[in-house]
Structure formats: structure tokens, C-alpha cells
1. Relative to the longest principal axis of the C-alpha atoms of the chain, give the angle of the C-alpha long axis of helix 25-35, reported between 0 and 90° and rounded to the nearest 10°.
2. Per residue, what accessible area does the chain have, given a 1.4 Å probe and all protein chains present, in Å²?
3. Percent of accessible area on the chain owned by carbon and sulfur, 1.4 Å probe?
4. For Cα pairs less than 8 Å apart in space and 6+ apart in sequence, what is the mean separation divided by the residue count of the chain, i.e. the relative contact order in percent?
5. How about segment 64-147: which trypsin sites (Lys or Arg not before Pro) there lie in a loop by DSSP and see at most 11 other Cβ atoms within 10 Å?
6. Would you list, by chain and number, the lysines whose Cα falls below 23 Å from the Cα of Lys62, excluding same-chain residues fewer than 8 positions away?
7. Treating the Cα atoms of segment 44-116 as identical point scatterers in vacuum, please give the log10 of the normalised Debye intensity I(q)/I(0) at q = 0.14, 0.23, 0.26 Å⁻¹, two decimals.
8. Please work out the FRET efficiency for the pair Lys11 and Phe146, using the Cβ-Cβ distance as r and a Förster radius of 25 Å; give the result to the nearest 0.05.
Amino acid sequence: MSIPKFQIPKKPFYSYLELPKELEFWELFRSFEKQFDTCFLLESAGENQYDSRYSVIGFDPKHTIIGNIGTLEIDGKSYSVENPYYELRNIANFDSLSISYAGGLVGYLSYNSMQFFEPKLKITSHPDFPAMEFGLYLDGLIYDKFT
């Protein structure tokens, strides 16, 4: 059984709107958090310089991916793989022409994932957390602190 491949649109669609001045982006995230099982907030920190001008809210991932030693689970369906991290790299085609946020994989690699990069390590898996977990997000909100 072959593992599905993911694609992010080459040219993402952006719609611009102005938020009311009294609306805090954090409060907007809190409302998404109540509506969706999975969402994220990437907050730019620091002075309002070019590299810290954006904050992003993502919600309702199109796919969820969980990896542990020997398995990669996509949307609840489990696949036997040699290395879930390398397999994740093979299934994700992120060939977007956007220089801004265009969606993508958001999640984490835990300490247990070190085994994917250094096979000689024998790390005991955590019973409550997978070695890696990602969502494929194609929708979101971008807040530009300058504009």
C-alpha cells in the first residue's frame, strides 16, 4: 500500500481584510481554538523589524501525520516505514512560489525523534507523545504588524 503524497498549491490565494483596532490577534486565536480540535499560533517576537512583523494562525489541518519508530500514521491510517522522518520528506512536495506563508507542515519533533537521525541511540519512547506529530495546514490568517 503506497503512502499518499501531499501538495501545497503553487500559488496560494490571499484575501486581505482589516481587523478592528481593538481586536487582539491573541483573542482571535482563542476563538479559533474553541472551534477547532487542532490549531496553532506562530507569534513573532521582538521589535517590529522586518523578520518579526508577522504572526500566523493556522486551523483545521487537511491531514495529520504521526511518526514513531517503524510507523508513519496519516489521518489515522498506519504505514510501516523504515524511517518516518525520511518518509515524511518524501511525501511532502512544497514547491510554492510564495515568499509569504503558504501553508505547510506545522508540528514538532520530540526528543524521541533523535533515533531517526542517529539509529545507534536506544531512546525509550514516551508513552504519551509520539516521536513526531505534524498537521498539514492549507488555511490560515496572517497578521502583519506593520500594515
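1. Roughly 50 degrees between the two axes.
2. For the chain, the per-residue accessible area is 69 Å².
3. For the chain, the apolar C and S fraction of the accessible surface comes to 52 percent.
4. 31
5. Filter output for segment 64-147: Lys120, Lys122.
6. Result set, ordered by chain and number: Lys5, Lys10, Lys11, Lys34, Lys77.
7. Results for segment 44-116 at q = 0.14, 0.23, 0.26 Å⁻¹ read -0.61, -1.11, -1.23.
8. Working: r = 23 Å, r/R0 = 0.94.
Given R0 = 25 Å and the Cβ-Cβ separation, E is 0.60.
The values are calculated or read from the model by the stated rules, or taken from the named source; none is laboratory data. If you're wondering where the values come from, they're calculated on a predicted model, not measured in any experiment. Cβ coordinates were reconstructed from backbone atoms using ideal geometry, including for glycine residues, and neighbour counts include every protein chain displayed. Each accessible area value is taken on the protein alone, full model and side chains, heavy atoms only, with ligands, DNA and RNA left out. Shrake-Rupley method; radii C 1.70, N 1.55, O 1.52, S 1.80 Å.
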